[in-house]
Amino acid sequence: MTTTTNEGANAPETPMTTTDAPVEYSAGVVRLGSIVPVAAEPEATPDIVDTGDEDLEHKTFADFGVTDPIVDALADKGITHPFPIQALTLPPALDRHDIIGQAKTGTGKTLGFGIPVLEDVIAPDEEGYDELLNPNRPQALIVLPTRELCKQVAQDLREAAKYLSTRIVEIYGGVAFEPQIEALEKGADIVVGTPGRLIDLLRKSVLHLNGVETVVLDEADEMLDLGFLPDVETLLSRVPANRHTMLFSATMPGPVVALARRFMEHPTHIRAQDPEDQNQTVNTVKQVIYRVHAMNKVEVVARILQSEGRGRSIIFCRTKRTAARLGEDLTDRGFAVGSLHGDLGQGAREQALRAFRKGKVDVLVATDVAARGIDVDEVTHVINYQCPEDEKIYIHRIGRTGRAGNSGTAVTFVDWDDTPRWSLISKALGLGVPEPLETYHTSPHLYTDLDIPAGTTGRLPRAKRTLAGLDAEVLEDLGGPRPRSEGRGRGRGLDRGGRGRAHSGERNRRSKDGDREPRAGQQGRSDRGTRGRGRGNHTQPAEGAPKAAKAPRQRVRRRKGGDKSAE
C-alpha cells in the first residue's frame with residue numbers, strides 16, 4: 001500500500017510503502033480536530049438550541065402531540081422517532097407560533113414544518129371544513145426555490161398525509177399550465193410551489209391566497225435573497241396578515257434573520273445542532289480538497305467514481321455548459337450518468353432524477369439546482385467539480401451526502417484562479433485548509449485518500465457497466481417551453497435561425513408580472529381569526545379548556561382499524 005505524508009499543501013510528495021500501518025491521509029483531507037467552529041453573528045443568535053439532554057430514541061411523534069393518522073403514515077415509512085429539529089419545532093409550531101428553524105442539511109427539516117401544516121389544515125371530510133370562509137381554496141402555502149425541491153416536498157407531505165384526505169397541489173414552472181389550473185379548480189388544501197409560477201397563476205386569478213392561514217418559506221436564506229425577495233413580498237401581500245409563518249434553512253445569516261422578522265410576529269429562532277458538533281458541516285462527511293488542473297479534472301473524477309464502496313454520486317458544476325459537457329464525457333467513459341441543469345426541459349430533469357433514485361444511473365451531474373433540499377438515499381460521494389461561490393453553497397452541496405446520520409465523502413476541486421475564493425470559504429467554515437493540495441490523476445495520495453484501487457484507469461471496465469442507464473427511464477412530455485438544449489447545434493438550440501433568446505416564464509417574469517411591489521390592503525380575510533388558536537388542543541387534550549368565540553374545530557380522526565386507543 002502506498003501512502004503520502006505532507007506537512008503542508010505545497011510539501012513535496014514522498015511515497016512511503018508500508019504493510020500493516022494505518023492509512024495516513026494527505027493534507028487535502030480535512031481533519032475534524034482541526035475544524036474551528038465559527039461563532040454566529042450576534043443578530044442570528046437562536047432563542048432555542050439543542051442541548052442534547054432529550055433522549056429522542058425513546059420518544060415518538062405521538063409524544064409531541066402529533067395525531068394518529070400522521071403518526072401511522074410516518075411509521076409506514078419507518079419513521080418513528082423525531083430528529084432534533086422536529087422535536088424542537090413541533091411544540092411551538094403546533095401552537096401556531098412563528099418559527100425560524102435552522103438545522104444542517106439532511107436532518108429532517110421538511111417534517112419539521114410539514115407535520116404542523118398537515119395538523120392545521122382542515123381536510124374536506126373533517127369537522128369544521130364547511131365553516132371555512134374559502135372552502136376548496138388553499139389553507140397553507142409552502143414556497144421553495146426550485147422545481148425539484150417542490151416536487152420532493154409535495155411527495156413527502158403526501159406520504160405523511162397517507163391516511164388523510166388533504167389535497168396537496170404542486171405548482172412549478174417548466175411544464176404546461178393546464179394540469180395545474182385544473183388541479184386548483186378541483187380544490188386544493190395545501191399548495192407547494194415556486195415563486196414564478198405561483199405569481200403567474202395569481203395574476204391569472206386562478207390561485208387565490210386569501211384563505212391561507214399558514215405560510216412556509218423553505219430554504220429561507222435563498223428565498224429572502226435579493227433575487228427572490230420581490231416575489232416573496234408579492235405572495236405575502238396576498239395572504240392574510242394574521243397568518244402563521246415558518247422559515248426553515250440550513251444556513252441562516254444574521255441579516256437574513258433580521259429581514260425575516262419583517263414578515264413575522266415575534267418569531268422563535270430555533271437551531272438544532274448536536275452540542276458536540278458545532279461545526280457548520282456534518283461530522284459524518286469526509287471532506288477532501290484538491291487543487292486540480294482544469295484539463296485533468298475528468299481523469300480525476302473518473303477514478304474517484306471507481307473508489308471502493310461508492311454508491312450514488314452527485315457532481316456539482318457551476319455552469320450549465322460544464323454540466324452538459326461533463327455528463328457526455330463520463331457517459332463516453334462507460335459510467336451511467338444523468339444530467340440536471342437549467343437548459344434541460346422539465347421532462348428531462350425529472351427523467352434524470354427518477355433514474356437516479358431508481359438506480360438506473362448512479363452518477364448525477366448537476367448545477368446548484370440540485371444543491372438545496374434534494375433528498376436521495378445512499379448518496380455516498382459529492383464532487384464539487386468547480387469551486388462553490390461561497391460557504392453557503394458549499395454547505396448545501398456537500399449536504400447531499402451524509403444525510404440522516406449516514407457517512408459520506410465530499411471532494412472539492414479548486415482551480416488556481418479560485419484559490420482566493422476557497423480560502424475565504426475555508427476561513428468562514430473553520431476548515432483549516434486555505435491552500436488545497438495540488439493533485440493529478442497520477443498522484444499517489446489520490447488513491448489512498450479516497451480508497452481507489454491501484455491500477456484504476458479513466459474508463460469504467462465493461463464488466464462493471466451493469467446499470468440500465470438514463471434511456472431505460474421514460475422521458476415524459478410535460479409541456480411547457482422548449483428547452484434550449486434540444487436540437488443543439490450552431491443555432492444554440494433555438495427554434496429558427498438562432499435569433500433572439502428563449503426564456504421560460506419564471507426567468508422572464510418582470511415583463512409578465514408588471515408591478516412587483518407589495519400591494520397594501522389586499523390581505524384578504526382570515527379563516528380562523530385569532531392567531532395561535534390552531535385546531536383543538538394538540539399537546540394536553542384536557543377537558544373543559546376555554547374555547548374561542550366560534551365553535552371549536554376539533555379534528556375527528558380514527559386509527560386505521562377504527563380504534564382510537566393507543567397501540
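The values are calculated or read from the model by the stated rules, or taken from the named source; none is laboratory data. Everything quoted here is computed from the prediction, not taken from an experiment. Cβ: placed from backbone, ideal geometry, glycine included. Neighbour counts: every protein chain shown. Side chains included, ligands, DNA and RNA excluded: accessible areas come from the protein's heavy atoms. Shrake-Rupley method; radii C 1.70, N 1.55, O 1.52, S 1.80 Å.
What is region 387-443 by shape, rounded, prolate or oblate, if you read a ≥ b ≥ c off the alpha carbon gyration tensor as root eigenvalues and call it rounded for a/c under 1.5, prolate for a/b larger than b/c, and oblate otherwise? Display every interim value, and only then the final one.
Numbers: a/c = 2.09, a/b = 1.30, b/c = 1.60.
It comes out oblate by the Cα gyration axes.
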Rounded to the nearest 10 Å², the accessible area of Leu229 at probe 1.4 Å: 20
Karplus-derived HN-Hα couplings along region 284-299 (A = 6.51, B = -1.76, C = 1.60, θ = phi - 60°), whole Hz, x at Gly and Pro: 7, 9, 7, 9, 10, 10, 10, 8, 10, 5, 4, 6, 10, 4, 4, 5
Centre separation in Å (Cα based) which lies between region 449-463 and region 371-444: 22
Cut-off under 5 Å, modelled amide H: who pairs with Ile315 long-range: Leu364, Val365, Ala366, Ile383
Hz values of 3J(HN,Hα) by residue in region 65-79 - Karplus curve (6.51, -1.76, 1.60), Gly and Pro given as x: x, 6, 6, 4, x, 6, 4, 5, 5, 5, 4, 4, 8, x, 9
Amide H contacts of Val216 (H built 1.01 Å from N, under 5 Å, at least 5 apart or other chain): Leu141, Ile142, Val143, Met246
Cα-based Rg / Dmax (Å) for region 297-347: 11.4, 34
Table column - 3J(HN,Hα) (Hz), region 187-203, Karplus curve with 6.51, -1.76, 1.60, x for Gly and Pro: x, 9, 9, 10, 10, 10, x, 9, x, x, 5, 4, 5, 4, 6, 5, 6
C-alpha center-to-center spacing [region 63-106, region 210-267] in angstrom: 20
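Dividing the alpha-carbon Rg of region 95-139 by 2.2 N^0.38 Å yields what?
Numbers: Rg = 13.8 Å, N = 45, 2.2 N^0.38 = 9.3 Å.
Normalised Rg, Cα atoms only: 1.48.
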Probe 1.4 Å - accessible area at Glu378, Å² to nearest ten: 140
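Applying 1/(1 + (r/R0)^6) with R0 = 45 Å to the Cβ-Cβ distance of Glu127 and Thr284, what FRET efficiency is obtained, to the nearest 0.05? Kindly include the intermediate steps, with their values, before the conclusion.
Values: r = 45 Å, r/R0 = 1.00.
E(calc), rounded to 0.05, equals 0.50.
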Ranked order, Lys392, Lys162, Lys186 - accessible area, probe 1.4 Å, largest first: Lys186, Lys162, Lys392
Taking region 227-348 and dividing mean pair separation by its residue count, relative contact order in percent (alpha carbons under 8 Å, at least six apart): 13
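Give, as a single signed number, the net charge of other residues whose beta carbon lies under 11 Å from the beta carbon of Glu391, with Lys and Arg counted +1 and Asp and Glu -1. Write out the running numbers ahead of the final one.
Numbers: positive: Lys392, Arg397, Arg421, Lys427; negative: Glu389, Asp390.
Counting the neighbours of Glu391, the net charge comes to +2.
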Long-range HN-HN contacts of Ile100 with modeled amide H, under 5 Å: Leu247, Thr268, His269, Ile270
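Give the dimensionless ratio obtained when the Cα radius of gyration of region 161-293 is divided by 2.2 N^0.38 Å. Each step should come with its number before you reach the end.
Working: Rg = 18.3 Å, N = 133, 2.2 N^0.38 = 14.1 Å.
Normalised Cα radius of gyration, region 161-293: 1.30.
May I ask you to rank Glu328, Glu308 by accessible area, largest first, using a 1.4 Å probe over the protein chains only? Mind dumping the intermediate values first?
Numbers: Glu328 85, Glu308 110 Å².
Descending order: Glu308, Glu328.
Taking the Kirkwood radius as the inverse of the mean 1/r across Cα pairs, report the Rg/Rh of region 132-205. Each step should come with its number before you reach the end.
Values: Rg = 11.8 Å, Rh = 12.5 Å.
Using only Cα positions, Rg/Rh for region 132-205 is 0.94.
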Given Lys104/Lys151; Lys77/Lys427; Lys297/Lys360; Lys59/Lys392, the pairs whose alpha carbons are separated by over 28 Å: Lys77/Lys427; Lys59/Lys392
Solvent accessible area, Å² - Tyr25, 1.4 Å probe, full protein context: 90
Region 72-109 residues near the modelled Thr60 label - backbone nitrogen below 15 Å, point 7 Å along Cα→Cβ: 72-82
Largest to smallest principal axis extent of the C-alpha atoms in region 354-403, angstrom: 32, 19, 16
Three-way shape label, region 316-388, alpha-carbon gyration tensor, a/c 1.5: rounded
